[in-house]
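Heads up, the thing below is written out as structure tokens.
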Amino acid sequence: MPDLPIGRRTVLGGMIGSAAVLSLPTPSWADTTTTATTGTVAATDELRRRWQTLLTGGPSVDPADPDLAVAIARVDRLAQSALATLDRSAGRTALWPDLASTTLSNHVASNFRRIKQIAVAWATNGSAYQGNESVAEDIRGALEWMHTNRYSPTLPRYDNDYDWEIGGASAFADTLVLLYDVIPADTLTTYTAAINHYTPDPNLWRADRQIATGANRVWIATVVATRAVLDGDTAALVRVRDAISDVDGNGANSVLAFNDAPGRLDGTGEGFYSDGSFLQHYKHPYNGGYGKELLGTLSSLLYLLGGTEWTVTDPDLENIYGWINDAFDPLMVRGDMMGSVCGREIARPSKQNHAPTQTIIEGTLRMIPAAPAERAVQLTALVKQWITEDTFRDFLKVTDPASLVAARNVLASSTSARGPLVVHKQYPRMDKVAHHRPSFTIGLSAYSSRIYNYESIQNENLHGWHLSDGMVLLYDDDLGHYSGDYWPTVDPYRLPGTTIDTRRLADSYGFRTTSAADWVGGTAVPGRTIGAYGMDLRGYGTNLRALKSWFLIDDVMVCVGSDITGEGEVETIIENRKLRTGDETFTAAPGWCHLEGTGGYVFPDRPPIRTLRENRTATWREINLKYGTDTPVTRPYQTVWFAHGTAPVGQGYYYVQLPTATLAQTKTFAGKLPVQKLRADNTAHAIRLHRVLAANFWTGGTVAELTADGPASIVVAGGTIAISDPTQTRSSVTVDLGKPELLPENVGDGVTATRHGGGWRIVVDTTDRHGGTATVTFR
């Protein structure tokens, strides 16, 4: 295999070395460093025991412990359900009647997962099924049936490669690890040969052997590693170690390196970026889907290989901490994950109720013991915050026994929780924003010429048409707002913040498309919860166009729209809130309105608004044919919107959103109107609030004391001026600031500030900033 670039194989001072064996609570090997001998079964036997500990918590799990007893009971319930419906008849044509398809590959994977559920119970200390020979026979019989009828080198594959190479293969391999001691050696070899047939190479996947990238690469590598452990195949473990860094491709598709790292070879662009963005399936933002799975699976794989001759020693392992702090933490809100980065998973009923963040917490828990001391303290504080602030879903009651013990150790530590996150974070690489304040969080979702609008494959997320048309997600103390059947029941044509053509669309219409517009992005003031964001919206399949801006200044969001033009009936949605009870008071007055428990909305120009209180009924099947259910669910909603009319030309809007504001606070703001709209046209959107001047220049022009030479997003906050190129196409941005009394104090890299006329000329080199913010601080 080719060598990695110089330095890539440098050991990180033990960061993911022998300390990794301490990642789970009190495993049998925790007090020793594994010494692997190439070519010996004993070397991989130790790894097999590690993997079994990961799956069950290991022999130290105490069933008398009340918390662990709850976790074990949950394991038992899954096994009991699977055993109760297992067909044991001699002539059976399926193991379970609901998983009998010979054309849907997810039935293959689901059969293996159900068998694994039984196997986990059989191998878990304290389980009612632990070591039960009858249960072991059921598992062996089920595996034999699967190999004979569904999954072997002599049988055809069909439908989705994922189910054959990852989903089914991983569950199959895990089951073999769990029952290793009671499966005959020749049978084990037959089964691992089947797994190796479908998943032979940690670098490649699919029937046509494509290069595996992102989460798919880690999943594939983990299947190969587990199979290799079963076979004593140490050469395959070397390939797994190297696949994580993509040694074969000279690092082009390394899952550890940031895609925008200097000098990195061009891969597919999938994976993590230095700003915290994560893309999968080429251009889909996916931190809360594939990104979380990558972290969860990779942390397990590092745990498996740590402290052995197959330890991953790539210096880019350090980037994992950046993922946790930048790619996950800002997109999590008290246990929930922003739906704008979950891809098609938002349309799965199993992925609501804060379920996605469980994987992130578990993965981070596995990283803590191997981290350097200072980093371990920081991650401990972070995990303690994540677990304790989610009062909607108790992590300790849903996680596996091993993670449960690790989480309790974190909670019992002397390290204080980090505290609520207060930050304004923009993701230029995936057109998303997270704005965290003490009492609320706002997420903005857009798309551009660089990013896809939404994903709808495998008959999932069928109504995601407007998820990136400027959607605003508001998170407050209603922690279950985006759970409790939100995504099937919300009106998909009236997502908050969006401007849309109301024509009815076919399922999956226009999915996986980019926009014709480059101008999507904004500017974030460092160290402040202040930012400007904008979007040149182009409606897919229509001539709808709108220029949209959001100016987020602490507890206030000012929303400006202009040049709204279309051929159909067009609306801008101010709010569409799923209510907790349906009895919340909605108050409307000239120039403002207020929704009890949500906040206030102020309309300085006093335009007409439309409102609707309704109960909406739907099924999950309507948005997901693959995993949806047919049970109708009903939820109450309050909707507020602007009606721009049919075939509008040059229409606009201007309103202020005050999240969590009381009725009295809303009335006071409407009365004082501290915000000024300075410009709202096809040259610029600009507002002033207190000491903040924020402007999105769609083209060159002047607003107040600012003049831009072309497209730019600019915020002047106190003595700081923040500048970006949202189009990500310009080599430089020049801004004239008419403030002669100021003196530059701190000029950022790639920025110059010189006297010009009655003020200052600031020139920013934007060549390699990719939409990121540059700053100058004045005094």
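Screening R113, R88 for residues that are surrounded by fewer than 19 Cβ atoms within 10 Å (Cβ to Cβ), touching a residue at least 40 places away in the same chain (Cβ under 8 Å) and among the basic types (K, R) leaves exactly one candidate, R88. Evaluation of T587 against the conditions (1) over 19 Å from Q665 (Cβ atoms); (2) in contact with a strand residue (DSSP E or B) (Cβ under 8 Å, 6 or more places away or on another chain) shows that the sole unmet condition is (1).
Is it the case that A173 is under 19 Å from T44 (Cα atoms) and buried (at least 23 other Cβ atoms within 10 Å of the Cβ)?
Working: under 19 Å from T44 (Cα atoms): yes; buried (at least 23 other Cβ atoms within 10 Å of the Cβ): yes.
It is true that A173 is under 19 Å from T44 (Cα atoms) and buried (at least 23 other Cβ atoms within 10 Å of the Cβ).
Would the stretch 610-622 turn up any residue that is under 18 Å from K677 (Cβ atoms) and crowded, with 16+ Cβ neighbours inside 10 Å? Walk me through how you get there before you give the answer.
Of the stretch 610-622, the ones under 18 Å from K677 (Cβ atoms) are none.
No, the conditions are met nowhere in the stretch 610-622.
Restricted to the stretch 350-433, the set of helices (runs of 4 or more DSSP H) holding at least 1 residues that are assigned by the TED database to the domain that holds S515 and at pLDDT 95 or above is empty. Of the residues making up the stretch 449-466, not a single one is of a type in the set (F, W, Y), in the same structural domain as T565 (by the TED database), surrounded by 19 or more Cβ atoms within 10 Å (Cβ to Cβ) and outside any loop (DSSP other than H, G, I, E, B).
Counting only helices (runs of 4 or more DSSP H) wholly contained in the stretch 133-243, the ones carrying 1 or more residues that are farther than 23 Å from R50 by Cα and not β-branched (V, I, T) occupy 133-149, 185-198, 214-231.
If you filter the stretch 573-600 down to residues that are surrounded by fewer than 23 Cβ atoms within 10 Å (Cβ to Cβ) and among the hydroxyl-bearing types (S, T, Y), you find that the one that is nearest to the chain's Cα centre (by Cα) is T581. For the stretch 722-779, filtered to residues that are among the small types (G, A, S) and in a strand (DSSP E or B), the residue that is farthest from Q426 (Cα to Cα) is G759.
Those strands (runs of 3 or more DSSP E) of the stretch 660-716 in which at least 2 residues are assigned by the TED database to the domain that holds V556, modelled with pLDDT of 95 or more and of a type outside the set (A, V, I, L, M), considering only elements entirely within it, cover 675-680, 684-689, 692-697, 701-703.
Given T777, T766, which one is of a type in the set (S, T, Y) and surrounded by 22 or more Cβ atoms within 10 Å (Cβ to Cβ)? Steps first, please.
Values: T777 fails: surrounded by 22 or more Cβ atoms within 10 Å (Cβ to Cβ).
The unique qualifying residue is T766.
If the condition is being touching a residue at least 24 places away in the same chain (Cβ under 8 Å), surrounded by fewer than 22 Cβ atoms within 10 Å (Cβ to Cβ) and either of a type in the set (S, T, Y) or over 22 Å from D65 (Cβ atoms) (or both), then the stretch 402-425 contributes S413, T415, S416, A417, R418, G419, P420, L421, V422, V423, K425.
On the phi < 0 side of the Ramachandran plot and surrounded by fewer than 17 Cβ atoms within 10 Å (Cβ to Cβ), is that true of T489? Break it down stepwise before answering.
Numbers: on the phi < 0 side of the Ramachandran plot: yes; surrounded by fewer than 17 Cβ atoms within 10 Å (Cβ to Cβ): no.
For T489, the condition - on the phi < 0 side of the Ramachandran plot and surrounded by fewer than 17 Cβ atoms within 10 Å (Cβ to Cβ) - is not met.
Within the stretch 91-110, being surrounded by fewer than 20 Cβ atoms within 10 Å (Cβ to Cβ) and assigned to a loop (DSSP other than H, G, I, E, B) holds for G91, R92, T93, A94, W96, A100, S101, T102, T103, L104. When the residues of the stretch 516-572 are filtered to those that are under 26 Å from the mean Cα position of the chain (by Cα) and free of Cβ contacts under 8 Å to residues at least 40 places away in the same chain, the one that is nearest to R450 (Cα to Cα) is R538.
Would you point out which residue out of R769, R679 is under 36 Å from the mean Cα position of the chain (by Cα) and within 22 Å of M557 (Cβ to Cβ)? Working first, answer last.
Details: R769 fails: within 22 Å of M557 (Cβ to Cβ).
Among R769, R679, only R679 is under 36 Å from the mean Cα position of the chain (by Cα) and within 22 Å of M557 (Cβ to Cβ).
Can you tell me which residue in the stretch 470-481 is surrounded by the most Cβ atoms within 10 Å (Cβ to Cβ), limited to those that are within 17 Å of C342 (Cβ to Cβ) and out of contact with any Gly (no Cβ under 6 Å at 6 or more places or on another chain)? Per the criteria, the residue is L474. Just one of the listed residues (I220, I166) is buried (at least 21 other Cβ atoms within 10 Å of the Cβ), within 26 Å of K626 (Cα to Cα), touching a Phe, Trp or Tyr at 6+ places or on another chain (Cβ under 6 Å) and not assigned by the TED database to the domain that holds D138, and it is I220. For the stretch 651-675, the candidate set comprises residues that are of a type outside the set (A, V, I, L, M) and under 29 Å from D501 (Cα atoms); within that set, the residue that is surrounded by the fewest Cβ atoms within 10 Å (Cβ to Cβ) is Q651.
Here is a yes/no grid of residues against (1) over 30 Å from W620 (Cβ atoms); (2) among the charged types (D, E, K, R):
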position: Y303; (1), (2): yes, no
position: P349; (1), (2): no, no
position: G363; (1), (2): no, no
position: E374; (1), (2): yes, yes
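Within the bounds of the stretch 378-396, is there any residue that is surrounded by fewer than 18 Cβ atoms within 10 Å (Cβ to Cβ), over 30 Å from M557 (Cβ atoms) and over 22 Å from the mean Cα position of the chain (by Cα)? There is no residue in the stretch 378-396 that is surrounded by fewer than 18 Cβ atoms within 10 Å (Cβ to Cβ), over 30 Å from M557 (Cβ atoms) and over 22 Å from the mean Cα position of the chain (by Cα).
Scanning the stretch 494-515 for residues that are charged (D, E, K, R) and buried (at least 20 other Cβ atoms within 10 Å of the Cβ), which turns out farthest from the chain's Cα centre (by Cα)? Quick ask: steps written out before the conclusion?
First, pick out the residues of the stretch 494-515 that are charged (D, E, K, R): 494, 501, 503-504, 507, 512.
After this cut, where a residue has to be buried (at least 20 other Cβ atoms within 10 Å of the Cβ) as well, the list is 494, 501.
On the way: R494: 23, D501: 28 Å.
By that ranking, first place goes to D501.
Can you tell which of I195, I220 is farther than 18 Å from I451 by Cα, in contact with a strand residue (DSSP E or B) (Cβ under 6 Å, 6 or more places away or on another chain) and either of a type outside the set (F, W, Y) or at pLDDT 95 or above (or both)?
Values: I195 fails: in contact with a strand residue (DSSP E or B) (Cβ under 6 Å, 6 or more places away or on another chain).
So the residue among I195, I220 that is farther than 18 Å from I451 by Cα, in contact with a strand residue (DSSP E or B) (Cβ under 6 Å, 6 or more places away or on another chain) and either of a type outside the set (F, W, Y) or at pLDDT 95 or above (or both) is I220.
Taking the numbered list (1) over 26 Å from the mean Cα position of the chain (by Cα); (2) in contact (Cβ under 8 Å) with a residue 60 or more places away in the chain in turn, A236 passes all entries but (2).
The values are calculated or read from the model by the stated rules, or taken from the named source; none is laboratory data. Quick caveat: nothing in here was measured; it's all calculated off a predicted structure. All Cβ positions, glycine included, derive from the backbone under ideal geometry; neighbour counts span all protein chains shown.
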